[in-house]
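Input: a single structure, listed below in structure tokens.
The values are calculated or read from the model by the stated rules, or taken from the named source; none is laboratory data. All figures in this text were calculated on a predicted structure; none of them were measured in a lab. Cβ atoms come from the backbone with ideal geometry, glycine included; neighbour counts cover every protein chain shown. Only protein heavy atoms, including side chains, enter the accessible area calculation; ligands, DNA and RNA are left aside. Shrake-Rupley method; radii C 1.70, N 1.55, O 1.52, S 1.80 Å.
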Amino acid sequence: MTKKGTTMEYQKVIDYIFQMIKEGRLIVGSKIPSERDIAEKLGIGRNSTREAISILRGMGLVESKHGSGNYISKDSGRTIRCIVSVMLSLGSISMKDIMDYRRVMARSVMELIFKNGLDNEYKKRLEKIVDEMKSASGNKLITLDEEFHVTLIHATKNPLFVSVMEAIAEVYHESVEKVIGESDGAATMKFVMLHAKILESIVKKDENACLKYITEHYDLAESKL
């Protein structure tokens with residue numbers, strides 16, 4: 001009975017903080033009420049409050065600053081990363097599932113970019129990445145690939161896309177390592193060329209060509225899984 005009561009108490013804290021977020025009383029960077037204030041407000045023990053905050057911290061929704069208190073985290077995508085990583089480890093999903101999701105969402109990212117346009121700032125950043133990819137290899141090429149796709153995600157200027165896709169991109173990173181690690185020189189050159197073609201088609205506003213190169217990109221990645 002005690003265990004059930006304790007569980008219900010820390011769930012009250014989590015629900016209380018979620019409600020404050022939904023109502024706009026807490027936003028990214030906001031300091032959440034102290035453990036004492038929450039405990040008094042909800043009429044529960046401080047241990048349960050502390051446990052709830054610890055859970056939220058583990059989820060990535062709350063971050064603690066020494067000597068200052070607890071704040072709503074700026075890295076909300078961490079929660080998604082944790083969930084996806086756990087599901088992958090448990091076998092609830094596979095890397096193929098993640099690849100399929102990335103493939104579909106990559107097309108959506110492009111549709112948004114074609115709809116809203118590509119800012120010059122992002123265009124220059126992508127050009128620099130592609131240029132560096134031409135002479136890169138190994139871990140450097142893996143990092144540049146991630147930067148390329150994350151930059152495209154940010155170019156949508158859609159906060160939901162950014163949070164979800166950045167989280168998935170981090171997990172997807174492992175498959176890119178496999179692609180590059182198992183590719184010969186010709187396959188690596190094609191991998192780099194596809195990034196250049198994707199960017200070129202965006203600049204030329206050729207949506208059909210862009211989607212074609214995205215498909216080829218993911219076909220190449222899947223062939224190494």
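Whether any residue in segment 40-47 is surrounded by 15 or more Cβ atoms within 10 Å (Cβ to Cβ) and closer than 30 Å to ILE168 by Cβ is what I want to check.
No, segment 40-47 contains no residue that is surrounded by 15 or more Cβ atoms within 10 Å (Cβ to Cβ) and closer than 30 Å to ILE168 by Cβ.
Within segment 67-77, restricting attention to residues that are under 19 Å from ILE38 (Cα atoms) and assigned to a loop (DSSP other than H, G, I, E, B), which residue is most open to solvent (accessible area, probe 1.4 Å)?
Here is the first cut: in segment 67-77, the ones under 19 Å from ILE38 (Cα atoms) are 67-73.
With the extra rule that they be assigned to a loop (DSSP other than H, G, I, E, B), the set shrinks to 67-68, 73.
Values: GLY67: 88, SER68: 46, SER73: 11 Å².
Selected residue: GLY67.
From LEU118, LEU112, grab the single residue that is surrounded by 14 or more Cβ atoms within 10 Å (Cβ to Cβ), not in a helix (DSSP H, G or I) and not β-branched (Val, Ile, Thr).
Numbers: LEU112 fails: not in a helix (DSSP H, G or I).
The match here is LEU118.
Read through the list (1) surrounded by 17 or more Cβ atoms within 10 Å (Cβ to Cβ); (2) free of Cβ contacts under 8 Å to residues at least 24 places away in the same chain, then give the number of the only condition that VAL150 fails.
Of (1) surrounded by 17 or more Cβ atoms within 10 Å (Cβ to Cβ); (2) free of Cβ contacts under 8 Å to residues at least 24 places away in the same chain, only one is false for VAL150: (1).
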